[in-house]
Amino acid sequence: MTVTATRPTRADAPPPDRPIRVLSFSQRLSRWDLKLSPYLYISPFFVLFAIVGLFPIIYTGVISFMDWDQVRRSGEFIGFDQYAWILTQPKFWTALGNTFSIFLLSSVPQLILAMFIAAMLDRHIRARTFWRMSALLPYVVAPVAVGLIFNALFADKSGAINGFLSLVGIGSIPWHVEPFWSHVAIATMVNYRWTGYNALILLAAMQAIPRDYYEAATVDGANAFRQFWSITLPSLKPTLIFVIITSTIGGLQIFDEPRMFDQFGRGGSAQQWLTITLYLYDIGWGEWNFGRAAAMAWILFLIILAIGLINLLITRSLVRDEGTRGRQLSRRERRALKRAEARR
């Protein structure tokens, strides 16, 4: 009986031993460069923010709990007494109401007009570069110059606007007496400066929309308004929310326009257009009470932070399913997917 030795097939043969790959120093350095370079590129902003932004915020928070003496650079800890004093002042609530009134009168028309200007600039018109640069010119003008010009325009007796209204037969409007009309005048100054800036941001977002959508809608018979409502607005949701957030922050911190609305800069004789920042400035540099001014600054900061968080929740709810279908991957699943792709 003979035994024949069978030659092992390729499937049964053990895999050959592969040499262990050793990374050189340059390869390790390049790998670390890929991981650390993004953080190094963005680190100057955060370092600068920590010096000129984060430190003043923390320092102001510490001062707000003290009866601070700016000359001696020292103070006595008194807890929440500064906050309690501010919240019990009727002048603070008047300033808060004026701030929100001016903010609503400026932000809502500003966004509507900015959307209209962006839609017009997005069309095929002649000298588009000239018109886009012209839309940004009011933003370049200094706020003090804008305040002086509009203060002359909205003068109660010798203003150009009241002169035009008298010619039409409407009659003069007491811009510096009535609270509502003073808010309208200040909101007009804000809209003059910021409408073109927001229009260019919206225009950049509009130009990023694929033109195939509009061509398909035109073939289907949709008119210009239908295309704007069904294609442009849904695609502008993230940009619109960004513009709303920035206009909210700027509107609640308005200072230059009401400061320059008259020659005194105190918010009117009866606090008709007194804002929170004007009241803060008066407490800090008028009454020389930096503890109360710091407490008011933190109250304004918390108000802006609360509105910013509300806008963040709205942003997540509106943009969550944009461009995706089905269930979204969790953060852990996305990390596992990235690791699997890196191994492949």
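Near D282, once Lys and Arg are set to +1 and Asp and Glu to -1 for all other residues with Cβ below 10 Å from its Cβ, the sum equals +1.
Over segment 85-202, what percent of the accessible surface lies on carbon and sulfur atoms, probe 1.4 Å? Whole-percent figure for carbon plus sulfur exposure: 73. Starting from the Cα gyration tensor of segment 201-324, take the square roots of the eigenvalues, sort them a ≥ b ≥ c, and report rounded, prolate or oblate (rounded when a/c is under 1.5, otherwise prolate if a/b is larger than b/c, else oblate). Note, shape of segment 201-324 comes out prolate.
Here the Karplus relation 6.51 cos²θ - 1.76 cosθ + 1.60, evaluated at θ = phi - 60°, turns the backbone of segment 73-84 into coupling constants of 6, 8, x, 10, 6, 10, x, 8, 5, 5, 5, 5 Hz, with x for every Gly and Pro.
Distance between the C-alpha centres of segment 38-80 and segment 149-203: 38 Å, rounded to the whole angstrom. Based on the reciprocal of the average 1/r between different C-alpha atoms, the Kirkwood radius for segment 170-225 equals 15.0 Å.
For segment 22-179, the dipole from Cβ point charges (+1 on Lys and Arg, -1 on Asp and Glu) about the Cα centre works out to 860 debye, to the nearest 20.
In this rough spin-label picture, where each label sits 7 Å from Cα along the Cβ direction, the R126-S269 distance is 5.3 nm. All other residues whose Cβ lies under 15 angstrom from that of A294 are scored, Lys and Arg at +1 and Asp and Glu at -1, for a net of -4.
Please name which of P258, F180, N198 has its Cα lying farthest along the dipole of segment 169-277 towards the positive end, using unit charges on Cβ (Lys, Arg +1; Asp, Glu -1) and the Cα centre as origin. Final value for the positive-end residue is P258.
Expressed as a fraction of 2.2 N^0.38 Å, the value expected for a compact globular protein of N residues, the C-alpha radius of gyration of segment 102-170 is 1.45. The phi-based Karplus calculation (6.51 cos²θ - 1.76 cosθ + 1.60; θ = phi - 60°) puts the 3J(HN,Hα) values of segment 131-141 at 5, 5, 5, 5, 5, 8, 4, x, 5, 6, 5 Hz, whole numbers, x for Gly and Pro.
Around P143, what is the net charge, scoring Lys/Arg as +1 and Asp/Glu as -1 over all other residues with Cβ under 13 Å from its Cβ?
0
Of the residues M120, M206, the one with the largest accessible area comes first in the ranking M120, M206, computed with a 1.4 Å probe on protein heavy atoms. Based on Cα contacts under 8 Å between residues 6+ apart, segment 228-283 shows a relative contact order of 25 percent. Probing with 1.4 Å while keeping every protein chain in the model, the per residue accessible area of segment 80-199 equals 56 Å². Summarise the long-distance tail of P(r) for segment 204-263 by giving the % of C-alpha pairs beyond 15 Å. Summing the P(r) tail past 15 Å for segment 204-263 gives 63 percent.
In debye, nearest 20, what is the charge dipole magnitude of segment 62-134 about its Cα centre with +1 on Lys and Arg Cβ and -1 on Asp and Glu Cβ, if you could check? Mind showing how you got there, number by number?
On the way: 7 positive and 5 negative charges, 147 e Å.
It works out to roughly 700 debye.
Using a cutoff of 8 angstrom between alpha carbon atoms and counting only pairs six or more residues apart, the relative contact order for segment 145-213 works out to 19 percent.
Just check segment 259-310 against the gyration tensor rule for me: Cα atoms, a ≥ b ≥ c as the square roots of the eigenvalues, rounded for a/c under 1.5, and otherwise prolate or oblate depending on whether a/b exceeds b/c. Cα axes put segment 259-310 in the oblate bin. With θ taken as phi - 60° and the Karplus curve 6.51 cos²θ - 1.76 cosθ + 1.60 applied, the whole-hertz 3J(HN,Hα) list for segment 111-123 is 5, 5, 5, 5, 5, 5, 5, 5, 5, 5, 6, 7, 7 Hz, x standing for glycine and proline. Extension gain for D212 to T60 (0.36 nm times residue separation, less C-alpha to C-alpha distance): 49.5 nm.
The values are calculated or read from the model by the stated rules, or taken from the named source; none is laboratory data. If you're wondering where the values come from, they're calculated on a predicted model, not measured in any experiment. When we count neighbours, we look across all protein chains shown, and the Cβ atoms used for this are built from the backbone with ideal geometry, even at glycine. The protein model used for the area step is the full one, side chains on, heavy atoms only, and it has no ligands, DNA or RNA in it. Shrake-Rupley method; radii C 1.70, N 1.55, O 1.52, S 1.80 Å.
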